[in-house]
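Comments concern the structure below.
The values are calculated or read from the model by the stated rules, or taken from the named source; none is laboratory data. Please read these numbers as outputs of a predicted model, since none were measured by experiment. Cβ sites come from the backbone with ideal geometry, for glycine too, and all protein chains shown count toward neighbours.
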Amino acid sequence: MIARRVVPASLAVICLASALGAQDLKLPNKQGTVKFALIGDTGTGSQAQTEVGAQMASFHKRFPFTFVVMVGDNMYGTQGPRDFVAKFEAPYKELLGADVKFYAALGNHDEPGQKNYKNFNMAGERFYAFRANGSDVGTKVDKGVRFYALDSNYMDKQQLDWIEKQLATKDDDWKICFFHHPLYSSARKHGSALDLRKVLEPLFIQYKVNVVLAGHEHVYERIKPQQGINYFVSGAGGTLRKGDLRAGQYTAAGFDKDYHFMLFEVDGDEMHFQAISRTGATVDSGTLKRGEETKPAAP
């Protein structure tokens, strides 16, 4: 049974909790919308990573997302040319063959030279931005999505000045930041990155960032909206810590039983999301709506 409940939120989260149907697409899948996937902590070259990649390719046949956001730890262990084949190109071969682009952020296990790997589309930069608007399918849309990839390993003044200047741009686009270390997390291994939160969250609040995507914790967690911002932790694309999630004051939904990936669809002022396990089962899904203000969650 699928329980439907409304969660008070500044973006009005409507959550469909813990759906069970394998290969069940929950997203509207409209023409002209911005469709993308999310993976984190992937680069092991393991059978599990390959199975997640196959599941992503299977969903892509019905939900044609055009790009994938990677929230770091794209490569574990050695990182030579053969490793990029075994730990990235092979698991996602079908998606790469379908011209799906991957946009990476650097994690704590990633060597800085990854920024020069062409399939990560970082253009030699450790932090960068890009925009998507759904026009690739021939339908003009008024609202697009701006993505900001940050290097949370080293948040220096240069990067902070850059992200503030980027976020200060006035437009009607969604603003999504993605990086490795989560500002909010209920997992036992690491927890919330408090020092990072101290410097980034004020900027995110001031310039009305809508969504923040992170990894590092090898679980799935959707955080209750904080100061009007929705946070997702998705760090089990190729690594997993079973039983590591401690559902607490920040947890809106979580999953630590299997590997997973996420799908997103942005349609005007709505963002639909779906977290999917390695077996194709939906573990969380719902819709974020912009423009409704509520009180932030308790500290």
Count, please, the residues in the range 284-299 that happen to be modelled with pLDDT under 95 and at negative phi. 10
Anything in the range 15-35 that is touching a Leu at 6+ places or on another chain (Cβ under 8 Å) and either modelled with pLDDT under 95 or assigned to a strand (DSSP E or B) (or both)? List them, or say none. Lys35
Residues satisfying the stated conditions in the range 201-221, i.e. part of a loop (DSSP other than H, G, I, E, B) and surrounded by fewer than 19 Cβ atoms within 10 Å (Cβ to Cβ): Tyr207, Lys208
Of (1) farther than 30 Å from Lys198 by Cβ; (2) not in a loop (DSSP other than H, G, I, E, B); (3) not aromatic (Phe, Trp, Tyr), Gly77 satisfies all except one. Which? (2)
Every residue from the range 173-191 that is surrounded by 15 or more Cβ atoms within 10 Å (Cβ to Cβ), farther than 13 Å from Val71 by Cβ and either touching a residue at least 40 places away in the same chain (Cβ under 8 Å) or of a type in the set (Asp, Glu) (or both): Asp173, Trp174, Tyr184, Ser186, Ala187
For the range 39-55, how many residues meet the condition of being surrounded by fewer than 24 Cβ atoms within 10 Å (Cβ to Cβ) and aliphatic (A, V, I, L, M)? 2
Being part of a helix (DSSP H, G or I) and more than 30 Å from Ala247 (Cα to Cα) is the filter here, so list the residues in the range 159-196 that pass it. Gln159, Leu160, Asp161, Trp162, Ile163, Glu164, Lys165, Gln166, Leu167
Checked against (1) surrounded by 20 or more Cβ atoms within 10 Å (Cβ to Cβ); (2) modelled with pLDDT of 95 or more, Ala132 satisfies every condition except (2)
First in the range 23-50 and within 13 Å of Asp73 (Cβ to Cβ), second anywhere and of a type in the set (A, V, I, L, M) and assigned to a loop (DSSP other than H, G, I, E, B), Cβ under 6 Å, 6 or more apart: Gly40/Val71; Gly43/Met75
Between a first residue in the range 150-161 that is at pLDDT 95 or above and a second residue that is of a type in the set (Lys, Arg), which pairs have beta carbons less than 7 Å apart while being 6 or more apart in sequence or on different chains? Asp151/Arg126
Options Lys224, Lys198: the member that is basic (Lys, Arg) and exposed (fewer than 15 other Cβ atoms within 10 Å of the Cβ): Lys198
When restricted to Gly124, Gly107, Gly72, the only residue in a loop (DSSP other than H, G, I, E, B), more than 23 Å from Gly238 (Cβ to Cβ) and not charged (D, E, K, R) is Gly124
